[in-house]
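Single-structure report; data block below.
The values are calculated or read from the model by the stated rules, or taken from the named source; none is laboratory data. Please read these numbers as outputs of a predicted model, since none were measured by experiment. FYI the Cβ positions are ideal-geometry reconstructions off the backbone, even for glycines, and counts take in every protein chain you see. These accessible areas exclude ligands, DNA and RNA; they are computed on the full protein's heavy atoms, side chains included. Shrake-Rupley method; radii C 1.70, N 1.55, O 1.52, S 1.80 Å.
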Amino acid sequence: MRAIEVNSYGDSDRLEAIDAPIPEPGAGEVRIDVEAAGINFADVMQRRGQYPGGPEPPYVPGMEVAGTVDAVGERAEPPSADGASGGEPRAATDLEEGDHVVAMVGRGGYAAYATAPVQSLFPIPEGMAFTEAAGFPVQFLTAYACLFGWGDLEADESVLIQAAAGGVGTAAVQLASNAGAEVFGTASSTGKLELAAELGCDHPINYEETDFREVVDEQTGGEGVDLVLESVGGDVFERSLDAMAHFGRMVTYGVASGEPAAAENRRLLFENKSVRGFHLGQAAARDPERIVEAVPELTAGLTNGDLEVVVGETFALEDAADAHRYLESRKSSGKLVLVV
């Protein structure tokens, strides 16, 4: 089968098109004939060798796929006694060859076929294209968890979303706006700011031209925002702390700049601020119910049009290196997807 392999840590040229064996599903797994694979910045960090606990080369990257069930492994058991329906994870007894599904696979998604645990599968919402479905799991589950599960966002609060026009950012803007929050969002171009505004961002901020702290201070009377979703690290992390209100919360879920950051405990103490970390893969592995409980609500929103997966650009599987370069250029908006 066609696949993309990271042959060694390094730049995007480390992504190589190969001919790989078609994987066989094990117990509790299915094999998916992949139509589309989502691209995440975590894929880039893994390729660079900067991702804690990430795979060692050679490996096939890719954390999420959408496609058709091609084979069901033997002795697969349902994830829960009540099975799955209405947007819940699929149970083995519900699965048939030909079902259209989206799945979190951990790695191995940049390929014509991928295997996935049954409990990581979700039915594709009615009317949704495979390219859109491939952008659903990581970005929407991350955004929902950061806002509500970890961030405790309430309807009358304010939230600052860094990288508001990115994959997770576009999902978070919609979810926060739909929940009745006042939404601040940062981006680097007019087009990205317009996209964020269309999705419900009340205060789009061009961080290349304006200090987002000044906008937050002006719009909140110097109080700051109640919640920050932060995925950049470095100086952006530090300045995000400045933009938080007393009793404010930050959820940090990425280090896109490659520069780790830390919060001084004395500052958190005297300003009554808190910082929480979120990692989708670790959370799903250790407490899957806490993650998948959002799926029915998210699926309903995507089905009825209250939410949308914003697909920015699509690339052919063989052009995965170009897709990585585009993501790293900071020019992309929405979700980048490989079409297999």
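One table, with the values for the structure above:
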item: Some residue of segment 181-194 being open to solvent by 50 Å² or more (accessible area, probe 1.4 Å), under 30 Å from Ala300 (Cα atoms) and either at pLDDT below 95 or touching a Pro at 6+ places or on another chain (Cβ under 8 Å) (or both); result: yes
item: Exclusive hit being open to solvent by less than 50 Å² (accessible area, probe 1.4 Å) and not in a helix (DSSP H, G or I), set Leu302, Leu338; result: Leu338
item: Selected residue (only one of Arg286, Arg290, Arg330 is under 24 Å from Gly191 (Cβ atoms) and either basic (Lys, Arg) or in contact with a His (Cβ under 8 Å, 6 or more places away or on another chain) (or both)); result: Arg330
item: Residue in segment 77-88 that is modelled with pLDDT of 90 or more, out of contact with any Pro (no Cβ under 6 Å at 6 or more places or on another chain) and either assigned to a strand (DSSP E or B) or open to solvent by 20 Å² or more (accessible area, probe 1.4 Å) (or both) present; result: no
item: Hey, Leu280 open to solvent by less than 30 Å² (accessible area, probe 1.4 Å) and of a type in the set (A, V, I, L, M) or not; result: yes
item: Criterion violated by Gly151 - all others in (1) buried (at least 19 other Cβ atoms within 10 Å of the Cβ); (2) out of contact with any Leu (no Cβ under 7 Å at 6 or more places or on another chain) satisfied; result: (2)
item: Filtered residue count, segment 155-176, keeping only those that are assigned to a helix (DSSP H, G or I) and surrounded by fewer than 18 Cβ atoms within 10 Å (Cβ to Cβ); result: 0
item: Checking Pro288 against (1) in contact (Cβ under 8 Å) with a residue 12 or more places away in the chain; (2) closer than 28 Å to Ala197 by Cα; (3) surrounded by fewer than 18 Cβ atoms within 10 Å (Cβ to Cβ), the condition it does not meet; result: (2)
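Each row is one residue, and each column tells you yes or no for (1) charged (D, E, K, R); (2) in contact with a helix residue (DSSP H, G or I) (Cβ under 6 Å, 6 or more places away or on another chain); (3) under 21 Å from His279 (Cα atoms).
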| position | (1), (2), (3) |
| --- | --- |
| Gly200 | no, yes, no |
| Asp217 | yes, no, no |
| Thr220 | no, no, no |
| Glu230 | yes, yes, yes |
| Val236 | no, no, yes |
| Phe247 | no, no, no |
| Val255 | no, no, yes |
